[in-house]
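J.: Encoded as structure tokens, here's the structure I'll be asking about.
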Amino acid sequence: MEVIDLATTGLRDLNATLQAAARERGNAAYTIENPRGAHALAVGLDGPLDVTVKGSTGYYCAGMNKAASIRVTGSAGPGVAENMMSGTVTIEGDASQYAGATGRGGLLVIKGNASSRCGISMKGIDIVVHGSIGHMAAFMAQRGNLVVLGDAGDALGDSIYEAQLFVRGRVASLGADCEEKEMRPEHLDLLRDLLARAGADARPEEFRRYGSARRLYNFHIDHADAY
Amino acid sequence: MCGIVGLFLKNESLNPRLGAMLTDMLITMTDRGPDSAGIAIYGTPGADATTTAARLKLTVQSDTPDTAFAGLAGKLAEATGAPVDVRILDTHAVIELPAGARAAAEAFLDRHGLRIMGAGERMEIFKEVGLPRDVARRFGLRGMSGSHGIGHTRMATESAVTTLGAHPFSTGEDQCLVHNGSLSNHNQVRRRLAQKGFAPKTQNDTEVAACYISSRLAEGANLGEALEGTLSDLDGFFTFVVGTRNGFGVVRDPIACKPAVMAETDDYVAFASEYRAFADLPGIDAARVWEPEPATVYFWER
């Protein structure tokens, strides 16, 4: 286990070290100390690597992650795990705006709450939030799964394509073209697996499923009111 | 972009460190706003030697402080017929005088081209163009003590980079406001406020918000109600942090694009645009840290 102290090591040096270690594909373990809310920590890791950030991070932590496993013991600032390709990112505290935005794959676990625009334009990522999420979550989401153990804010799934949303608590309001869907056995299986992988103590049967009503894919004059 | 910070102390023993804590928070926010910086700090009221009434503090600014502030205390005492103390800090001077001498003092200051940045029993306000680090050093912010304060680092969008365009804006006694964002209906609100007698002095959008809150407080609203009103009457992007004589409040617009984070311990409540600004606060590792909800008013009063 390597320890890198950001009080004595620069951010560029830290990211270069982690990126080189990820490319070696040795699945080495790193601990980052004193993050003090720094921006763009542990970004662009392109291979298996085990990174623990001890503390809270600022903008864009774990962006563009591929195959690496990154854990933040505190809270994460805006844009955590943005455009993730694969691997796992775990936030023990809260996540700020647009967590997991545009993510293509992998698993993002937020143990606390996520604020607004969680999973905006997600394209295949799985996101599990143990707490609640803010407004405009999964806006224009295209693929992947968003699981929320708590409540969801206003305009959930606005203009959604084919992502699936599972919420256990209250949904303040659904966005345009998002509707509640039937929970079928395959959804319960999917949810069971996601909850287990995210270490979430909840039963799939407690959730409701939401997804696209598929009325906004193409402009249709009869639906003008919905735009 | 802009960076904003605020600190409201619950533990009085921290009061002597308020300036130092706020200065560190402000400097951390330099890359969010490198063009100007400002701080409003609520210190000890000036005591009047002859009565028990608190004296009024007027913070004034001049582009030519060497000549404008020379012998200012004596001239003001002569013009107002009242005992006047003047503390000069770089381009600003804090004038203490009996509240009853305010009108005469303001007339004198106006005649001599001195700009009043703020007035109050406790609030002093310092803002200038330049890097936050340099602005803080020029005013000696680090050495100031107080019970609460707010600060701002500016990256200008809506009006020019000038001292008067810098935040905080003060538009009422012991009231001040900092803003991250931009308002879109400020011209309309400016006209309405002017009709009510709360005309902003500059073309800056943030000053309109400050005047709006001052007008609501003058109408009898409490701080929470005044902040609540911004959600229906102001349009645009905003995170506001507001200081009053005994209070401190935060509100974000419903869309909440502008970042915000808060921290609370038994000793203080802190606000910042980013967590980075909290990194050196005492006990931050054990603090409750959260992102304030959109369209939700938070305020503390003592």
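J.: Mind checking which residues of segment B:37-55 are surrounded by 17 or more Cβ atoms within 10 Å (Cβ to Cβ) and at pLDDT below 95?
T.: B:GLY43, B:PRO45, B:GLY46, B:ASP48, B:ALA54, B:ARG55
J.: Let me ask something else. So, A:ALA7, is that one surrounded by 19 or more Cβ atoms within 10 Å (Cβ to Cβ) and out of contact with any Pro (no Cβ under 6 Å at 6 or more places or on another chain) or not?
T.: So A:ALA7 does not fit the description; no.
J.: Which pairs have Cβ atoms under 7 Å, sit 6 or more apart or on different chains, and link a residue in segment B:145-169 that is assigned by TED's automatic domain parsing to the domain that holds B:PRO200 to one that is acidic (Asp, Glu) and surrounded by fewer than 24 Cβ atoms within 10 Å (Cβ to Cβ)?
T.: Within 7 Å, the pairs are B:ARG154/B:ASP35; B:MET155/B:ASP35; B:ALA156/B:ASP35; B:VAL161/B:ASP35; B:THR163/B:GLU128; B:ALA166/B:GLU128.
J.: State yes or no: is B:PRO34 part of a loop (DSSP other than H, G, I, E, B) and in the same structural domain as B:ALA277 (by TED's automatic domain parsing)?
T.: Yes, satisfied.
J.: Would you confirm whether any residue within segment B:208-220 is closer than 26 Å to A:GLY74 by Cα and out of contact with any Lys or Arg (no Cβ under 9 Å at 6 or more places or on another chain)?
T.: no
J.: Scan segment B:252-268 and report the pairs whose first residue is away from chain A (no Cβ under 14 Å) and whose second residue is assigned to a loop (DSSP other than H, G, I, E, B), with Cβ atoms within less than 6 Å and a gap of 6+ or a chain change.
T.: B:THR265/B:GLY283; B:THR265/B:ALA287; B:ASP267/B:LYS10; B:ASP267/B:ASN11; B:TYR268/B:LYS10
J.: Could you say whether any residue in segment A:13-20 is crowded, with 19+ Cβ neighbours inside 10 Å, aliphatic (A, V, I, L, M) and in a helix (DSSP H, G or I)?
T.: There is at least one residue in segment A:13-20 that is crowded, with 19+ Cβ neighbours inside 10 Å, aliphatic (A, V, I, L, M) and in a helix (DSSP H, G or I).
J.: Something else about it: Are any of the residues in segment B:25-33 surrounded by fewer than 18 Cβ atoms within 10 Å (Cβ to Cβ) and not basic (Lys, Arg)?
T.: yes
J.: Counting only residues that are closer than 14 Å to A:ALA198 by Cβ, at the interface with chain B (Cβ under 10 Å from one of its Cβ atoms) and surrounded by 24 or more Cβ atoms within 10 Å (Cβ to Cβ), how many does segment A:104-150 have?
T.: Here the count works out to 1.
J.: Pick out, from segment B:128-184, the strands (runs of 3 or more DSSP E) lying fully within it that include 3 or more residues that are touching a Gly at 6+ places or on another chain (Cβ under 7 Å) and crowded, with 21+ Cβ neighbours inside 10 Å.
T.: B:148-154, B:175-183
J.: For segment A:206-227, name all the residues that are part of a helix (DSSP H, G or I) and closer than 20 Å to A:GLY131 by Cβ.
T.: A:GLU206 - this is the single residue of segment A:206-227 that is part of a helix (DSSP H, G or I) and closer than 20 Å to A:GLY131 by Cβ.
J.: Look through B:ALA73, B:ALA93, B:ALA20 and report the one residue that is over 30 Å from B:GLU158 (Cβ atoms) and in contact (Cβ under 8 Å) with a residue 24 or more places away in the chain.
T.: B:ALA20
J.: Listed residues A:ALA196, A:ALA137; which is farther than 15 Å from A:ARG117 by Cβ and not in a strand (DSSP E or B)?
T.: On inspection, the qualifying residue turns out to be A:ALA196.
J.: Moving on. Kindly indicate the residue of segment B:282-298 that is of a type in the set (A, V, I, L, M, F, W, C) and more than 11 Å from chain A (Cβ to nearest Cβ) and also nearest to A:GLY37 (Cα to Cα) among those meeting that condition.
T.: Looking at the filtered set, the residue picked out is B:ALA286.
The values are calculated or read from the model by the stated rules, or taken from the named source; none is laboratory data. Note that the structure is predicted; figures quoted are calculated from it, not measured. Don't worry about glycine lacking a Cβ; one is built from the backbone with ideal geometry, like all the others, and counts go over all protein chains shown.
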